[in-house]
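**Q** Handing you a structure now.
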Amino acid sequence: MLERIMADNGFPSPLAESRGCRVFQFQSETGEGVMTQYDLFPGVYLVYNDFHMEGYDSAFHTTEDMLCIDYCRQGRMEYPAGPDAYSYVEAGDLKLDRRLEHQGHFTFPLSHYHGITIGFTLPLAVQSLKEWVREFPVDLVRLQEKFCAGRHPRVIHGAPSVDHIFQELYAVPEQIKLPYFRIKVLELLLYLDALELDGRTEKPYFYKSQVEKVKAAHRLLTEDLERHYTIAELSARFSIPATALKECFKSVYGQPVNTYMRNLRMDRAALLLRQEPQASVAEIAGRVGYDSASKFAAVFREAKGKTPLEYRREGR
């Protein structure tokens with residue numbers, strides 16, 4: 001059933017396939033992604049998602065009645081939150097939907113996304129769970145109604161125990177994977193059934209025009225690290241209020257503007273220190289926007305836990 005749904009809805013042919021496990025590869029000009037899918041019960045599947053790309057175009061469309069649960073382990077994902085509006089899934093979030101709005105371009109603002117998807121095709125999954133687990137108390141249809149009343153995803157942010165459930169799926173011996181996955185899926189369903197909805201499910205959304213301006217500001221900020229821009233300069237240049245700029249930037253990229261740029265500069269400096277051993281610390285400081293080598297060294301040590309010279313020596 002699941003293989004037919006994937007084949008009919010824009011998925012590539014499996015790169016590899018063995019005993020209920022399929023590997024799908026996605027490629028674009030910005031990188032590649034891999035999805036490793038396991039069939040657990042009829043109508044129930046688990047997928048590891050590992051994308052190293054800025055985004056990809058999805059042609060997925062299904063006429064099946066579905067409930068899908070996406071857990072973000074690392075990175076960020078942009079998703080539609082209504083007409084011309086976007087919101088963002090970050091590390092630790094759960095996104096639940098019926099895959100009714102799963103076509104179009106999916107963006108990963110940090111150029112990577114890692115997580116797990118657990119999907120249910122109703123009513124097949126309902127019947128198979130009844131057969132596999134007698135008197136299992138969770139009603140999948142009721143759970144779908146609880147979290148997915150509308151067309152757009154419901155995101156759960158900061159729910160306790162979610163990380164515990166999913167992190168254990170990343171260290172499973174090969175010989176027990178399928179039975180262990182089944183147990184963890186049942187645990188997740190019990191957890192979601194008991195979870196009381198509150199403010200954790202309310203994620204801010206931003207209009208497309210705001211997001212486009214923030215992404216343009218991001219391109220300007222990152223294309224030349226020697227140049228510094230203030231929030232006021234960015235606000236005026238891209239015609240967006242300073243408060244909206246700061247809030248939207250943090251939602252898209254996961255950090256405030258200044259924190260994001262400081263970390264980017266230190267990551268670039270760390271790369272240059274090891275790739276160009278002949279370059280002086282002062283020269284590298286200048287290339288990432290610091291006129292003072294001593295100030296650069298202090299910020300670098302705070303970020304990396306080592307002085308620039310210590311970092312360079314340890315990389316040899």
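The values are calculated or read from the model by the stated rules, or taken from the named source; none is laboratory data. The structure displayed is predicted, hence computed values, not measured ones. Note that each Cβ is placed from the backbone with ideal geometry, even for glycine, and that neighbours are counted across all protein chains shown. Ligands, DNA and RNA are excluded from the accessible area calculation, which covers all protein heavy atoms including side chains. Shrake-Rupley method; radii C 1.70, N 1.55, O 1.52, S 1.80 Å.
**Q** Just name the residue that is surrounded by the fewest Cβ atoms within 10 Å (Cβ to Cβ) out of those in segment 137-172 that are of a type in the set (Val, Ile, Thr) and assigned to a loop (DSSP other than H, G, I, E, B). Reasoning before the result, please.
**A** The initial filter retains those residues of segment 137-172 that are of a type in the set (Val, Ile, Thr), namely 138, 141, 155-156, 162, 165, 172.
Okay, now just the ones that are also assigned to a loop (DSSP other than H, G, I, E, B), so 138, 172.
Values: Val138: 17, Val172: 14.
Within segment 137-172, the match that is surrounded by the fewest Cβ atoms within 10 Å (Cβ to Cβ) is Val172.
**Q** Looking at segment 72-92, which of the residues that are hydroxyl-bearing (Ser, Thr, Tyr) and in contact with a helix residue (DSSP H, G or I) (Cβ under 6 Å, 6 or more places away or on another chain) is farthest from Gln210 (Cα to Cα)?
**A** So the residue we want is Tyr88.
**Q** Right, something else. Looking at segment 264-293 only, could you name the residues that are closer than 25 Å to Leu234 by Cα and either open to solvent by less than 50 Å² (accessible area, probe 1.4 Å) or touching a Cys at 6+ places or on another chain (Cβ under 7 Å) (or both)?
**A** Passing the criteria: Leu264, Arg265, Met266, Ala269, Ala285, Gly286, Val288, Gly289, Tyr290, Ser292.
**Q** Within the bounds of segment 27-41, is there any residue that is of a type in the set (Asp, Glu) and closer than 26 Å to Arg219 by Cβ?
**A** Yes, the conditions are met somewhere in segment 27-41.
**Q** Taking the condition of being open to solvent by 40 Å² or more (accessible area, probe 1.4 Å) and either assigned to a helix (DSSP H, G or I) or touching a residue at least 60 places away in the same chain (Cβ under 8 Å) (or both), how many residues in segment 124-136 meet it?
**A** The qualifying residues number 5.
**Q** Taking only segment 177-209 into account, find how many residues are part of a helix (DSSP H, G or I) and open to solvent by 70 Å² or more (accessible area, probe 1.4 Å).
**A** The qualifying residues number 4.
**Q** Further question: May I ask you to list the residues in segment 294-310 that are assigned to a helix (DSSP H, G or I) and open to solvent by 40 Å² or more (accessible area, probe 1.4 Å)? Talk me through it step by step, then tell me what you get.
**A** Taking segment 294-310 as the starting set, the residues that turn out to be assigned to a helix (DSSP H, G or I) are 294-304, 308-310.
Those that are assigned to a helix (DSSP H, G or I) and open to solvent by 40 Å² or more (accessible area, probe 1.4 Å): Ser294, Lys295, Ala298, Arg301, Glu302, Ala303, Lys304, Leu309, Glu310.
**Q** In segment 80-123, which residues are in a strand (DSSP E or B), open to solvent by 10 Å² or more (accessible area, probe 1.4 Å), touching a His at 6+ places or on another chain (Cβ under 8 Å) and on the phi < 0 side of the Ramachandran plot?
**A** Scanning segment 80-123 gives Pro80, Ala81, Glu90.
**Q** Taking the criterion of being open to solvent by 40 Å² or more (accessible area, probe 1.4 Å), under 9 Å from the mean Cα position of the chain (by Cα) and in contact (Cβ under 8 Å) with a residue 40 or more places away in the chain, would at least one residue in segment 53-75 satisfy it?
**A** Yes.
**Q** Within the bounds of segment 239-249, is there any residue that is open to solvent by 40 Å² or more (accessible area, probe 1.4 Å), among the β-branched types (Val, Ile, Thr), in a helix (DSSP H, G or I) and closer than 23 Å to His157 by Cβ?
**A** yes
**Q** Then there's this: Which condition number in (1) modelled with pLDDT of 90 or more; (2) open to solvent by less than 20 Å² (accessible area, probe 1.4 Å) is the one that Asp50 fails?
**A** (2)
**Q** Condition first: more than 14 Å from Leu225 (Cα to Cα) and outside any loop (DSSP other than H, G, I, E, B). Now tell me which residues in segment 272-283 satisfy that.
**A** Leu273, Arg274, Gln275, Val281, Ala282, listed by residue number.
**Q** Next up: Within segment 228-264, can you find the residues that are under 19 Å from the mean Cα position of the chain (by Cα) and of a type in the set (Phe, Trp, Tyr)?
**A** Answer for segment 228-264, where residues must be under 19 Å from the mean Cα position of the chain (by Cα) and of a type in the set (Phe, Trp, Tyr): Phe249, Tyr253, Tyr260.
**Q** Which residue pairs have Cβ atoms under 9 Å apart, sit 6 or more places apart or on different chains, and have a first residue in segment 174-189 that is among the basic types (Lys, Arg) and a second that is in a helix (DSSP H, G or I)?
**A** Every condition considered, the pairs that remain are Arg182/Trp132; Lys184/Ile165; Lys184/Phe166; Lys184/Glu168; Lys184/Leu169.
**Q** Additional query: Check off (1) over 23 Å from Ala91 (Cα atoms); (2) of a type outside the set (Phe, Trp, Tyr); (3) out of contact with any Lys or Arg (no Cβ under 7 Å at 6 or more places or on another chain); (4) free of Cβ contacts under 8 Å to residues at least 40 places away in the same chain for Ile240 and give me the number that stays unchecked.
**A** That leaves (3) as the condition not met.
**Q** When Glu212 is evaluated against the numbered criteria (1) within 22 Å of Tyr86 (Cβ to Cβ); (2) open to solvent by less than 70 Å² (accessible area, probe 1.4 Å); (3) modelled with pLDDT of 95 or more, which criterion, by number, is the only one it fails?
**A** Among (1) within 22 Å of Tyr86 (Cβ to Cβ); (2) open to solvent by less than 70 Å² (accessible area, probe 1.4 Å); (3) modelled with pLDDT of 95 or more, Glu212 violates only (2).
**Q** Let me ask something additional. Scan segment 169-185 and give yes if some residue there is within 17 Å of the chain's Cα centre (by Cα) and farther than 21 Å from Arg22 by Cβ, otherwise no.
**A** no
**Q** If you scan segment 49-76, which residues turn out to be of a type in the set (D, E, K, R) and not in a strand (DSSP E or B)? Spell out how you get there, then give the answer.
**A** Looking only at segment 49-76, we keep the residues that are of a type in the set (D, E, K, R), and these are 50, 54, 57, 64-65, 70, 73, 76.
Once the filter is applied, which keeps residues that are of a type in the set (D, E, K, R) and not in a strand (DSSP E or B), segment 49-76 yields Glu54, Glu64.
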